[in-house]
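Visitor: Pasting a structure below so you can have a look.
The values are calculated or read from the model by the stated rules, or taken from the named source; none is laboratory data. This is a predicted model, so every value here is computed, not measured. Neighbour counts are summed over all protein chains in view; Cβ atoms, including those assigned to glycine, are modelled from backbone coordinates with ideal geometry. Only protein heavy atoms, including side chains, enter the accessible area calculation; ligands, DNA and RNA are left aside. Shrake-Rupley method; radii C 1.70, N 1.55, O 1.52, S 1.80 Å.
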Amino acid sequence: LDYSQIELRILAHVADIPALKQAFLEGQDIHAMTASEMFGVPIEGMDPMIRRQAKAINFGVIYGISAFGLARNLRIPRKEAQDFIDRYFQRFPGIRSYMDETVAAAKRDGFVTTLFGRRIHTPGINDKGPKSGNARRAAINAPIQGAAADIIRRAMIRMPEAIRDLDARMLLQVHDELIFEVAEADVDRLIPVARDIMQ
């Protein structure tokens, strides 16, 4: 079982982006919604290429992607990639605010925190030159990835007790998913129990 688009969900929460939060609540295709918001195209019958560009921007922004990196990923001119990024931040200014505030906190404190208060240190955040860009991107991403890690760890801690009456065991965690080994007869019982714990 896996967490669907957990990092984008956490970003929507920590940056307090009403449009993204509402899209998740309504079960919308978040990449199509972003494309619709950015490019003014209807979600229904959307060109898959436009959705793919929005997906690259959604995930790229979390990792502090540059216009150069986005241009390379989408195989488009750098100017066009910069226009996409600029449009994204115009449409979702709360994300830019979150990024700026997070970097400022990292520079001031030397660390950032996850939603659960876990500290992640940010060495090099006050350096000059190319290294500072990497440290800045890491500071922006760490609270998001860190919160996702905290969430799945909390589920893992609670899982053994929740499934002890089933012929099942949690085998491993891979990024945002938990993998189980379960007797065929208990599959239908395991799924709702594991889902409840993860949620």
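Visitor: What is the extension gain from residue 59 to residue 76, computed as 0.36 nm multiplied by their sequence separation minus the C-alpha to C-alpha distance, in nm to one decimal?
Guide: That pair, residue 59 and residue 76, stretches by 4.4 nm at full extension.
Visitor: Give me the count of lysine pairs in the chain whose alpha carbons sit under 19 angstrom apart, restricted to pairs 8 or more positions apart or on different chains.
Guide: Close lysine pairs under the 19 Å cut-off: 4.
Visitor: For the pair residue 86 and residue 19, how long in nm is the line joining their label points, each one 7 Å along Cα→Cβ?
Guide: Rounded to a tenth, the inter-label distance reads 1.7 nm.
Visitor: Moving on to the next point. By the scheme Lys and Arg +1, Asp and Glu -1, what is the net charge of all other residues having a beta-carbon under 15 Å from that of residue 8?
Guide: Every neighbour counted, the sum reads -2.
Visitor: Rounded, prolate or oblate: which fits the chain when a ≥ b ≥ c are the square roots of the eigenvalues of the alpha-carbon gyration tensor, with rounded for a/c under 1.5 and prolate only if a/b beats b/c?
Guide: Because a/c hits 1.5 or more and a/b fails to exceed b/c, the chain counts as oblate.
Visitor: Determine the distance separating the Cα centre of segment 123-199 from the Cα centre of segment 12-56; give it in Å without decimals.
Guide: If you average the Cα positions of each part, the centres end up 24 Å apart.
Visitor: For segment 1-104, report the accessible area per residue in Å² (1.4 Å probe, heavy atoms, rounded to an integer).
Guide: On a per-residue basis, segment 1-104 sits at 51 Å².
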